[in-house]
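Heads up, the thing below is written out as C-alpha cells.
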Amino acid sequence: MKAPSISRRTCIKTGLIGTLGMAFIPALAANDSVPRKYQREARYYKVTGRGVKCTLCPNKCNISLNDTGDCRTRINRDNKLYTTAYGNPCAIHIDPVEKKPLYHFLPGSRSFSIATAGCNLVCLNCQNWQISQATPAETRNQELFPEQVVASSIGNNCQSIAYTYAEPLVFYEYTYDSSEKAHQEGIKNILVSNGYVNEEPLRKLAKVIDAANIDLKSFSDDIYVRLNTGSLEPVLHTLKILKEEGVWLEITNLVIPGWTDDMDMIKEMCGWLTKNGFEETPIHFSRFFPQYKLQQLPATPAETLTKARNIAMQKGMKFVYIGNLPGSDASNTLCPKCHQVVIERKGFRIMQNNLTEGKCQFCHTPVQGVWS
Amino acid sequence: MNTPYSIIPILSGTLLAYFITWILSRRKWISRNVHRQIWNILLLITFLFTIVLGLLLALKANYNLKFAFLDEALPVHVDFGIAMSIIGLLHIFWHLNYFKRLFGKETERKSTKTPEEKQVYIRKTPLLFPFILGLVTLTGQLVLFRDYLAIFGGNALYVGILLSLWLILTGLGTQLARNKAFSVTTIIRMLLLITVLPSVSILIIRVTHGWLFETGTETGPLSFAFFALFTLAPLCLTGGLLFPVLSQHRPGETTGLIYSWESAGSLLSGMLFSFVWVFLISPIQTVALTGIISLALLLFLRRRMKEIPLYTTSAITILLVFLFIFPPEKLTRASLFPGQQIQSIIQSISGELVITKAESQSNVFENSRLLYSQGSPSAAEEPVHYALSQLARVNHIAVISGALTGVLSECLKYHPNRIDYFEVNGKLLDLEKQSITIPDDSVIHSHRTDFQRWIAQHPARYDGVLLNIPPPETPSASRYYTQEFFRSIRKNLSDSGVVAIPLLSTANYLDPTTVRLYQSVVATIQPYFKHWLILPGNRDILLVSNGKLHANILTRVNDLGIMTNYIAYFVDESELVTRSHEYAEMMKDGVPTVSANHPIAVSYFTGFWLKKHGLSYILFGTILFVIFIFLISFTRGISRSMFAAGFTASTMEIVPLVLIQSAFGYSYYLIGVIFTLFMAGLTLGARWKIAEGPKGNHLIYRQHIWFMLLLILQWAIAGWLSPGRTVIYITSELLLIALTGWLTGRMFQLISSQYQPQTKAPAMVYKADLYGSAGGAMLVSVFLVPLLGINLTLIVLLMMHLLLTFVSKHRTSSVST
Ligand code: SF4
C-alpha cells in the first residue's frame, strides 16, 4: 500500500504561510477599526516627505501612511494625522482626589477620572498595562464626548475631572477639549501624567489645567531608557513649564527595589528640585508592589521609603509624603513653620483639616496649595 | 545590563563555548567533526532566528504590525545577529586556506581526518554506559527544569516549552552521530563530560540569567525559549549524541537493549529524585551527587576498561564532591534577589521557596514570584472582610492557604468558634508556623492536606470559605474554579455561607480576555449558588452564596465594629458598589463552564498572560502547529511510526497528569509514580521478546491499533470514572501509563530491528521517538486540553495518530535527512 506522504518542503512552506497569514490578519485589521466618530485631526504634527511627523511628544514619531505612532493612538490617514482616542474612554471611575495622589488640591473632594487606551512609554511596572499597551480599537470603550464628560462629572458631584490611569497626553485633543468645556462649567481639571510631552502643546494645555501630578520615575536617564523606554530631560522640562504656567503641581516618585531605590539618586533628584524652586512642591514617595512585567521583586520596605523621605526633607523639600503604605503617618501635611499637623490623612480619608483659608490654624502660616 | 544589546556577554560566551569545544576536540574528547557540527548547527540556528525576526521586524516597520512581542524581538534579533556574526567569523577562520587559495596564496591542504577517525575501533562497551547516560540526563532534566521554573516563575507554558526543547535538542544530538564511528576512548570522554554538564549548566543558567535579563522582570515566552535553547543545548546534544554511539558499540545486539538500559538509568534517577533527593538535598547537590555516582560506576568499570582515565575521573569526582559539600546555592541565587539578603531556600512540593530580608521586611517568594511582603494588609483584609462582613454571625471558617498575609488574624476579628486552615505544602506550613502568621489561638486548627480531600472525608457546615489561591494558570490551580469543586463546597456550606474566590489583578479596567475568564467562572458557580458578586480589589474577588450578598463592605465592617488598617481608609464604598454593578453587567454572555475534564479557565488565563507578552493564543497555537509539522518532516520511512508512538505516548502521560491534577490537586508523589511506571513499562517493552509471526509491517500496524485503543480506553476512563470512583480511577490511569510505556518500548524495539541500514537505526528511531514526544508535549498540555477539554482532545489525538499512521511510509530504509 502506498501511503500518502508530505514532503518536507511542502510542510515547511504550508506551515510558514499559515503562520504568517494567521499572524498578520488581526494586526493589519487593528489600525482601521476605530470608528471615524472617535477620530479627530491631531493638533501637533508636520507633513514630511515620508508621511507625517508627530510633534506632540519627545518620541517625535515619523508616521507613514496608515501607520500609527508609538503611542498607538495617532494614525496617518491621507497624510493627515488623526487621534483615534477622542470620546471613547475605556476607564471611567470616580476617585478621591487623594488617590491621584494630590494632597494639596481640594482635599477630600471627588474627581471624575477617565482614560483612553495608549501610552507613549512602555514601563515594565505599568499598573494599567491592559489600557496603556493597547490601541483604542482593542479596548472595551464607552462613548463620552467632552460635553458628556463635563455633564457626568457635575452629575456625580465631582469638583474636578482627572485625566489619568494610562497617559492623558496621548489623548491630548480629548483632554484639551474636555478641560476647556469643564472650565466653562466651573469644574477643575487634573492631569496625572508621565510628563513626556513637548513644550508647545504642554504650554497650550497648561492654560486649561488646574493641577497636575507628574510621575518623576527616576533621576537617571539610563533607568528611564531601561525601565520606561523614555528619557529624563523632557520630564524635568515639563515640571519647569507647569510651574511657570501656574499649574498646581505635585510629584510622584515610585521607589522600586533594585531600580529606583538608590539613595544617592534620590538625593540628587531632591537637590535638583530644590535648586529649581520646587521646595514647596509636594513629593510623594510611593511604595512599589509587583505589577505587569516587574513581578520578581518584593514590595518596597517601609524603611527605604522613610530614608527617601528623610533625604528629601534634608534637601529642603517642605512637603514629603509616603504613599501606598497603610498605617504610616507620613501622609499627614505638616505646617512648614510650626510643624503641627494641618491635615491628618489615613489612606484616602481626611481625618482632620486644620487649615483656614489656606493658613495653618495654629501659627497662621500660609500652606501652599489649592484648598477650595 | 545597562546596554540594550548584549555584545560583551554574547562575545565572551560564544568565544568561551568555542574554546571549550575546540579544546575538547584537540584533546580528542570529541572529534573535530563533532566540534564543527556543533558550530554549524549553532550557525544555522542563529541564522534562522536572525532572518525570521529580521523579516518580521521589516514587516512591522513597513506594515505597522502592532504585536508587542515584536518590540521584544528587536534586541533578540540583534543579539542573534551578533552571535551569528561571531560564529560566522569563526567559520571564516576554518576556511582560511580556501580564501588564501582564492587570493593566490596556496597552502598545503591538510587532511581533515584525525588519525583516530581513520582508525575506528568497534569494541563492545558495557551496558552500564547507557545506564549512566539515563541516570545523568534524567536527573539533569528534572533538576534543570525545576531550576528554570524557580528562576522564571514557572507556568504550564514554560513546562511545555522546556519539555519540547529538551526532546528536540536531544533529537538533534542523535543527528550528530550520523555516519560516524567513535572510539571507546571518545565515548568515555563524552561520558565524563556528561557527568559534569548538569552541574555546569545549572551554574551557567543562574549566573547568566542575572546578566541577560533586567532586574525583577518576568521573562516572556520568546526570550525564555531562546535562553533555554542555549543553556540546555550542551547537555541535550551530548546526551542525544551518546545514545546512538553507545548502540553502535554493541554490535549484534538490538537497539532495544540499549534503550532498556538507558530507561533503567532514567527509572532509577526518577525514583531517587522524586522520592528522596528532592526532600533532602539542594538542586546543585543533586546534580553533583548524580555525577559522583556515575563517576564511581566508571571507576568500578575501570577494572575491565583500562581506557577510563584514572586521574581525570578522580579529579572530576573530587570537584563534584566539593560542589556537593559546598553548594553555592545562595551565591548563585543572589542576582535574582537584588538588595535582599537570602535567609533560606526551601525546596517544597510546589517549587522553590526563598525567604529574603530587605531592610527589616521579610519577603517570601515561590518560584521567584512574590507570595508575600511584610506590611501589606490589603492581601489579608480584602478577602476576609469582603466575605465575612456579609454574615451576622460567623461560627466556622475554612481558610485555604495564605496565612503569611495575616488572613487568620483578620478572621479572628469575627470571633468564630473554629477556623480550619489548610495548606497542602508542608514546608510552607512550617514557615507560617515559625513566622507566627498562624496565631496561637485554640480556635485555629491547621491541616497539612488538600481542602477538597478533607471535606470529602470530614463533612462540615462552614459559614465562610476563603480561598487564597493562585489564578488558574495550571490545571492543578484551576481545580478551585471547577464545577466539581463548587459542588462539593456547596454541600459543606451553611445556608447563607459565603465563599471568596480571588480572581485577577485588574486595576482600573477589565480587558476582554479577563472578562471571558470571569464569565466562565461565574457560569460555573451558577448551578450551585443563587447569588454572586465581584468586588474590585488588589485582586478582584468573587463572592458566592445562597444568601444575599452586598457591596457596601465599609458600612458593614463599621457596623460590626471591626477595626481595619486598609479597608477603612483605602476602600471607597460608592466606587465599590458602582464597579460591582458594572462587573455584573459584563457577566451576561454565556461561555463554557470550567470542569476537571475541561479546564477552560487555564486557556483564558494563558491568553491573558500571553497578551502581557505581546502574543495571542491563536498566534501561539499556530507557531506550535508549524513546529509540529517541521518535526514530522524530519522523520522518514518507518521511523515516522516511531514518531507517532512517541507522540501518543507523551500525550498519554500528560493527559492523566492533567486529569489527576484537575481532580485531586497537586500531587508531587503521583508525578513521580506516573513517571516511574512509564519508564518501567518502557524498559520492559524494549526488552520484551517479539514473537515470530506476521511480517514486520503488520506488527507495526498492530502496535498502532494498540496505541489507538489506549487512547479510547483513556477516553472511557476519563468519562466514566473521573473523579467519582477515586481508587479504581487512579489505578486504571496508572495501569494505562505502564501499558503505554510498555507499548512504546516494544515499538522502539520493533522499528529499530527493521530499520535499514541497521547502523542508522539507533539515531533515526531514537530521534523520531524524541520528536514525536516533543510534538505531543507541546500541543497537549498548554493548548489542546485547556481549549478543547479532555474528551475532544482525545478524539483529536486519535485522529492525529491515525493520520500519522497513514503518513508513516513503511519502507524500512529511509532517505537520509
Ligand atoms: S504622541 Fe504618540 S505619535 Fe506623537 S510622538 Fe508621541 S508617541 Fe509618537
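The values are calculated or read from the model by the stated rules, or taken from the named source; none is laboratory data. Values in this document were obtained by computation on a predicted structure and should not be read as measured data. Quick reminder, even Gly has a Cβ in these numbers, built from the backbone with ideal geometry, and neighbours come from all protein chains shown.
Brief remarks on what is shown
- Residue match in region A:191-202 (condition: within 14 Å of chain B (Cβ to nearest Cβ), within 21 Å of A:Asn128 (Cα to Cα) and within 15 Å of the ligand (Cβ to nearest atom)): no
- Contact annotation: residue pairs with Cβ atoms under 7 Å, 6 or more positions apart or on different chains, pairing a residue in region B:626-642 that is farther than 14 Å from B:Asp769 by Cβ with a partner that is crowded, with 24+ Cβ neighbours inside 10 Å, are B:Ile627/B:Met778; B:Phe628/B:Gly775; B:Phe628/B:Met778; B:Phe628/B:Leu779.
- When B:Leu232, B:Leu212, B:Leu237 are checked against the criterion of being among the aliphatic types (A, V, I, L, M), touching a residue at least 24 places away in the same chain (Cβ under 8 Å) and either touching a His at 6+ places or on another chain (Cβ under 7 Å) or within 14 Å of another protein chain (Cβ to nearest Cβ) (or both), a single residue qualifies: B:Leu212.
- Filter pass, A:Ala115 being within 16 Å of the ligand (Cβ to nearest atom) and more than 22 Å from B:Asp572 (Cα to Cα): no
- Look at region B:285-303: where a residue is surrounded by fewer than 24 Cβ atoms within 10 Å (Cβ to Cβ) and a partner is small (Gly, Ala, Ser), sitting 6+ places away or on another chain with Cβ atoms under 9 Å, you get B:Leu299/B:Ser314.
- Qualifying residues in region A:157-176 (those that are farther than 15 Å from A:Cys71 by Cα and not hydroxyl-bearing (Ser, Thr, Tyr)) - the one farthest from the ligand (Cβ to nearest atom): A:Asn157
- Filtering A:Leu227, A:Leu273, A:Leu232 for residues that are surrounded by 22 or more Cβ atoms within 10 Å (Cβ to Cβ) and closer than 24 Å to A:Asn128 by Cβ leaves a single hit, A:Leu227.
- Those helices (runs of 4 or more DSSP H) of region B:468-566 in which at least 3 residues are within 13 Å of chain A (Cβ to nearest Cβ), considering only elements entirely within it, cover B:512-525.
- Leading residue by the ranking (nearest to the chain's Cα centre (by Cα)) among those in region A:57-74 that are more than 6 Å from the ligand (Cβ to nearest atom) and within 10 Å of chain B (Cβ to nearest Cβ): A:Arg72
- Cβ-Cβ contacts under 7 Å between residues 6 or more apart (or on different chains), taken from a first residue in region A:55-77 that is outside the structural domain of A:Ala166 (by TED's automatic domain parsing) and closer than 18 Å to A:Thr175 by Cα to a second residue that is near the ligand (Cβ under 6 Å from one of its atoms) and part of a loop (DSSP other than H, G, I, E, B), are listed as A:Cys57/A:Asn120; A:Cys71/A:Asn120.
Rundown of residues vs (1) modelled with pLDDT under 80; (2) exposed (fewer than 11 other Cβ atoms within 10 Å of the Cβ), yes/no style:
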| position | (1), (2) |
| --- | --- |
| B:Leu74 | yes, no |
| B:Ile82 | no, no |
| B:His91 | no, no |
| B:His95 | yes, no |
| B:Lys100 | yes, no |
| B:Phe103 | yes, yes |
| B:Ser111 | yes, yes |
| B:Ile122 | yes, no |
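- Qualifying residue in region A:257-268 (condition: of a type in the set (Asp, Glu), part of a loop (DSSP other than H, G, I, E, B) and at the interface with chain B (Cβ under 9 Å from one of its Cβ atoms)): yes
- Residues (at the interface with chain A (Cβ under 7 Å from one of its Cβ atoms) and under 15 Å from B:Pro786 (Cβ atoms)) located in region B:612-634: B:Ile618
- All of B:Ile308, B:Ile292 fail the test of being assigned by TED's automatic domain parsing to the domain that holds B:Gly265, part of a helix (DSSP H, G or I) and either within 28 Å of the chain's Cα centre (by Cα) or of a type outside the set (Ser, Thr, Tyr) (or both), apart from B:Ile292.
- Scanning region B:424-452 for residues that are without any contact (Cβ under 8 Å) to a residue 40 or more places away in the chain, under 23 Å from B:Gln661 (Cβ atoms) and of a type in the set (D, E, K, R) yields one hit, B:Arg448.
- The lone exception for A:Thr356 - which of (1) of a type in the set (S, T, N, Q); (2) crowded, with 19+ Cβ neighbours inside 10 Å; (3) more than 26 Å from A:Thr229 (Cβ to Cβ) it fails: (2)
- Subset of region A:346-368 (residues that are within 17 Å of A:Glu250 (Cα to Cα) and within 14 Å of chain B (Cβ to nearest Cβ)): A:Phe348
- Scope region A:118-137; condition closer than 22 Å to A:Ile75 by Cα and within 16 Å of the ligand (Cβ to nearest atom); matching residues: A:Gly118, A:Cys119, A:Asn120, A:Leu121, A:Val122, A:Ile131, A:Ser132, A:Gln133, A:Ala134, A:Thr135, A:Pro136, A:Ala137
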